[in-house]
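Data block below; observations after.
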Amino acid sequence: MTDSPVYVPSKVWAWTKPSGGAFANINWPIAGPTHDKALPVGRHPLQLYSLGTPNGVKVTIMLEELLALGHAGAEYDAWLIRIGDGDQFGSGFVDVNPNSKIPALLDRSGSTPIRVFESGSILTYLAEKFGAFLPDEQPARAECLSWLFWQMGSAPYLGGGFGHFYAYAPTKIEYAIDRFAMEVKRELDVLDRRLAESEYIAGREYTIADMAIWPWYGGLAKGWQYDAAEFLQVQDYKNVQRWADQIHMRPTVKRGRMVNRISGDPAEQLHERHDASDFETKTQDKVAPPA
């Protein structure tokens, strides 16, 4: 079976029309800000500008984990960046992340603010800053970083590849869906084989590798991604399922998933986070009887 009409690329690509699909209005082939907009700044050392997508969730989980360990310096303000509205192209955000992608972090704890962008970079930065969730000694450190970078290289096949063509593209293209579904299933098998021999991704300890991989592949295993659980038969990956459930049970992970979230159950959405008490208020709202 072939897709029609047949597309023959021109000799030189030119952007002549929007690509279509769910995110066409925020995709174009140039960088830089589209409008002037300063970023808000709260009272805590760490300022996070993000959205509750899998990439954003990695960082809010890490911050909640650090706070649970007693690292007071990990207190943070989480500001909502609505990528559908183009907030990531505001001048203030571009100053923090010239690539205009969430999440972006500004560390104001020192005399000179430090910008950190790309989720894997942020996880590593925080792990080194607070001395947590990244082993100090080899070979454990190398194993953790290898799996962290495995996620950086693999998730685009799941998100921009499979997720886009299966769930968001304006036209269902058989070749593209088959190609990326095959790769995602191979990645799930990689994880399943690893988790058959190891409690956590990098070994016996919970690390930033788990925090990076879980929002993408744990979410896929639990049916939260792209409504594709049946299509990909995710229930067959028993070790991934065990690990996904184990991570999801952590109170820190439940809190991290709420921050900057704008979809799903409203009771599980905390659009901005400026204090730990914000979660308590949200819980009270959830259990309170209707007026």
Matching residues in the range 204-225 - criterion: being part of a loop (DSSP other than H, G, I, E, B) and either under 19 Å from PHE133 (Cα atoms) or without any contact (Cβ under 8 Å) to a residue 60 or more places away in the chain (or both): ARG204, GLU205, TYR206, THR207, LYS222, GLY223, TRP224
For residues that are out of contact with any Leu (no Cβ under 9 Å at 6 or more places or on another chain) and in a loop (DSSP other than H, G, I, E, B), tally how many sit in the range 263-277. 6
Go through the range 226-247 and count every residue that is crowded, with 17+ Cβ neighbours inside 10 Å and assigned to a loop (DSSP other than H, G, I, E, B). 3
I'd like the residue in the range 255-291 that is of a type in the set (D, E, K, R) and within 18 Å of ASN55 (Cα to Cα) and, out of all such residues, is modelled with the lowest pLDDT. GLU268
How many residues are buried (at least 17 other Cβ atoms within 10 Å of the Cβ) and outside any helix (DSSP H, G or I) when one looks only at the range 248-257? 1
Mind checking which residues of the range 90-101 are free of Cβ contacts under 8 Å to residues at least 60 places away in the same chain and out of contact with any Asp or Glu (no Cβ under 9 Å at 6 or more places or on another chain)? ASP95, VAL96
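When only residues in the range 51-70 that are assigned to a loop (DSSP other than H, G, I, E, B) and hydrophobic (A, V, I, L, M, F, W, C) count, which is farthest from ILE262 (Cα to Cα)? Let's see the steps before the verdict.
So the first thing to find is which residues in the range 51-70 are assigned to a loop (DSSP other than H, G, I, E, B), and the list is 51-53, 69-70.
Filter once more, so that each one left must be hydrophobic (A, V, I, L, M, F, W, C): 51, 69.
Working: LEU51: 8, LEU69: 27 Å.
If we take residues in the range 51-70 being assigned to a loop (DSSP other than H, G, I, E, B) and hydrophobic (A, V, I, L, M, F, W, C), then LEU69 is farthest from ILE262 (Cα to Cα).
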Total residues in the range 17-38, condition in contact (Cβ under 8 Å) with a residue 60 or more places away in the chain, closer than 29 Å to TYR76 by Cβ and surrounded by 11 or more Cβ atoms within 10 Å (Cβ to Cβ): 3
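Return the total of residues in the range 192-203 being touching a Phe, Trp or Tyr at 6+ places or on another chain (Cβ under 6 Å) and part of a helix (DSSP H, G or I).
Looking only at the range 192-203, we keep the residues that are touching a Phe, Trp or Tyr at 6+ places or on another chain (Cβ under 6 Å), and these are 192, 195, 200-202.
Restricting the remaining residues to those that are part of a helix (DSSP H, G or I) gives 192, 195.
Summing the residues that are touching a Phe, Trp or Tyr at 6+ places or on another chain (Cβ under 6 Å) and part of a helix (DSSP H, G or I) in the range 192-203 gives 2.
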Kindly check whether there is at least one residue in the range 50-62 that is in contact (Cβ under 8 Å) with a residue 12 or more places away in the chain, over 25 Å from TYR217 (Cα atoms), in contact with a helix residue (DSSP H, G or I) (Cβ under 9 Å, 6 or more places away or on another chain) and among the hydrophobic types (A, V, I, L, M, F, W, C). no
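The values are calculated or read from the model by the stated rules, or taken from the named source; none is laboratory data. In this text, all values refer to a predicted model and were calculated from it rather than measured experimentally. Glycine also receives a Cβ, built like all others from the backbone with ideal geometry; neighbour counts cover every protein chain displayed.
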